[in-house]
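Working notes for the structure below.
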Amino acid sequence: MSCDKDSSDKGASAETGEETTEPVENEVLLEDEVDGNAPKDEPKDAEGSDQEKEKNYNELQHRFLRLTADFDNYRRRTREETAEIRRTANERLIQELLPIIDNFERALDAAKKELPDNLITGIEMIYRQLHMLLSQEGVEPIEAVGKPFDPVYEDAFERQETTEYPEGTVVAEIKKGYLLQGRVLRPALVIVAKEPKTEKTKSCQEGACGDE
């Protein structure tokens, strides 16, 4: 009986030993599987993170460049609008001053015949100061007399027969013209030379007038 008991105890202990060691082996295998899979997942996560960062960086850079371009356009447009407002305001004011300047010039010409020289000198100084102020704002007179008639800068008041100037040349100025920043502010009103009839008849007799 004792031998059977011992053998049964040994068998029981053997069976118990197998039952207690199997879970340990399974735990070791699971840990190895976890440890073996972990390093493989880390590079994928790092690669995905870098791609996301690069994408975000590119988007931010694109937004920054677009905002910079929009701001430059806004600043340029504002500068142009400000210059246009100033130019328009100056143009309107100067146009209202031009008739006053015309009257000033007529009065000065008349005064030169009656007033003493010292008084005329003072009036001329005021006149030069006025023109200096206009010049600082970009106003300049149109030089027309002695030059070929140009309809862009002059309006013809009449055509006058003369032998002193070639035909089509400006011989006199009725009203002075002005430019503002290179643009016509007021065209000059001028008299244009015309060839006398006697000279034209003589030219035709010599065969220089063509089909006329």
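The values are calculated or read from the model by the stated rules, or taken from the named source; none is laboratory data. Since we're looking at a predicted model, the values are computed, not measured. Positions of Cβ are generated from backbone atoms using ideal geometry, with glycine treated the same way; all protein chains shown enter the neighbour counts.
Structure values in brief
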read-out: Filter result (β-branched (Val, Ile, Thr) and either loosely packed, with under 15 Cβ neighbours inside 10 Å or closer than 14 Å to residue 178 by Cα (or both)) within segment 124-162; value: 126, 139, 142, 145, 152
read-out: Those strands (runs of 3 or more DSSP E) lying entirely in segment 101-182 with at least 3 residues over 27 Å from residue 90 (Cα atoms); value: 154-161, 170-175
read-out: Flag if residue 101 is touching a strand residue (DSSP E or B) at 6+ places or on another chain (Cβ under 8 Å), of a type in the set (Val, Ile, Thr) and surrounded by 12 or more Cβ atoms within 10 Å (Cβ to Cβ); value: no
read-out: Identity of the residue in segment 163-182, in contact with a helix residue (DSSP H, G or I) (Cβ under 9 Å, 6 or more places away or on another chain) and closer than 22 Å to residue 106 by Cβ, that ends up surrounded by the most Cβ atoms within 10 Å (Cβ to Cβ); value: 178
read-out: In segment 108-130, the residues that are of a type outside the set (Phe, Trp, Tyr) and touching a residue at least 12 places away in the same chain (Cβ under 8 Å); value: 108, 111, 120, 123, 124, 130
read-out: Test for residue 168: is it in contact with a Leu (Cβ under 8 Å, 6 or more places away or on another chain), closer than 30 Å to residue 194 by Cα and at pLDDT 90 or above; value: no
read-out: Qualifying residue in segment 76-84 (condition: part of a helix (DSSP H, G or I), among the small types (Gly, Ala, Ser), modelled with pLDDT of 90 or more and under 20 Å from residue 185 (Cα atoms)); value: no
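Every residue, every condition in (1) under 21 Å from residue 102 (Cα atoms); (2) at pLDDT below 90; (3) of a type outside the set (A, V, I, L, M), yes or no:
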site: 135; (1), (2), (3): yes, no, yes
site: 151; (1), (2), (3): no, no, yes
site: 181; (1), (2), (3): yes, yes, yes
site: 188; (1), (2), (3): yes, no, no
site: 197; (1), (2), (3): no, yes, yes
